[in-house]
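The values are calculated or read from the model by the stated rules, or taken from the named source; none is laboratory data. Quick caveat: nothing in here was measured; it's all calculated off a predicted structure. Methodologically, a virtual Cβ is constructed for each residue, glycine included, from the backbone with ideal geometry; neighbour enumeration extends over all protein chains shown. Only protein heavy atoms, including side chains, enter the accessible area calculation; ligands, DNA and RNA are left aside. Shrake-Rupley method; radii C 1.70, N 1.55, O 1.52, S 1.80 Å.
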Amino acid sequence: MDIIQKIKISIDPIVSLSDNELLTFCNAFDAKRLRKNEYFLEEGQVCDFVGFLNYGVLIYFKCNESGDEVATDFAFAGDWVNNNQSRLANAPSAINIRAIEETEVFLIKQNDLNKLYIQIPKIERLGRILMEQAYLKIVEQTLELQVLSAKARYENLLKKHPEIFQKVQLYHIANYLGIAPKSLSRIRKELFG
């Protein structure tokens, strides 16, 4: 399936673009290939783009005071990726986003997106709804970390992203869930024997 079809499938539940509008939107994107461990966004860089993940996996993380990476999110094929805090404030990013495996992302620069918001108002609606979805995801993640048991957080992650254990190292998953790798191993043993 080509990238135009993939983007169409992603946005169709949100907005319906004509063929010409879709083509105009997709033509504003540039492909960027990332090798394993290559950065999509580095801490300190201003995120002035939005990406659509064609294939691969990205990890969002921050290094703590000890220098250990703490995973805050993951992105899989079909996801929209960026650091909204950096992008919207035009400020340096406080997080890193790196490829876990060979990855291809289609990028649209913020300036080009702003022009499309005026040219095709439905794209501005798309941007608003994607921002609302990103906000709801953050609220859900915060509540899960504060309220749910480690086992329940693990089960939710498995439901949302069953492929995660084939693509992401266990220590990244453990720190994303806010637990030690040993605890993750114990939970997995309890559930799967």
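Summary of computed values
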item: FRET efficiency for Glu101 and Thr72, using Cβ-Cβ distance with R0 set to 22 Å, rounded to 0.05; result: 0.75
item: Separation of the Asn84 and Val46 label points, Cα + 7 Å toward Cβ, nm; result: 2.1
item: At most 13 other Cβ within 10 Å, DSSP loop - trypsin sites (Lys or Arg not before Pro), the range 8-38; result: Arg35, Lys36
item: Full-stretch length increase - Leu148, Gln169 - with 0.36 nm per residue and alpha-carbon distance subtracted; result: 5.3 nm
item: The chain - percent of accessible surface contributed by carbon and sulfur, probe 1.4 Å; result: 52
item: R0 of 30 Å, Cβ-Cβ distance Val139-Ala31: FRET efficiency to nearest 0.05; result: 0.40
item: Å² of accessible area per residue within the chain, as computed with a 1.4 Å probe and no ligands counted; result: 56
item: Förster radius 35 Å - calculated FRET efficiency between Cys63 and Lys109, Cβ distance, rounded to 0.05; result: 0.80
item: Where labels lie 7 Å past Cα in the beta-carbon direction, separation of Ile129 and His161 in nm; result: 2.4
item: Answer label, with semi-axes √(5λ) of the Cα gyration tensor in Å calculated from the coordinates and candidates (i) 31, 18, 16; (ii) 41, 22, 13; (iii) 53, 24, 13; result: (i)
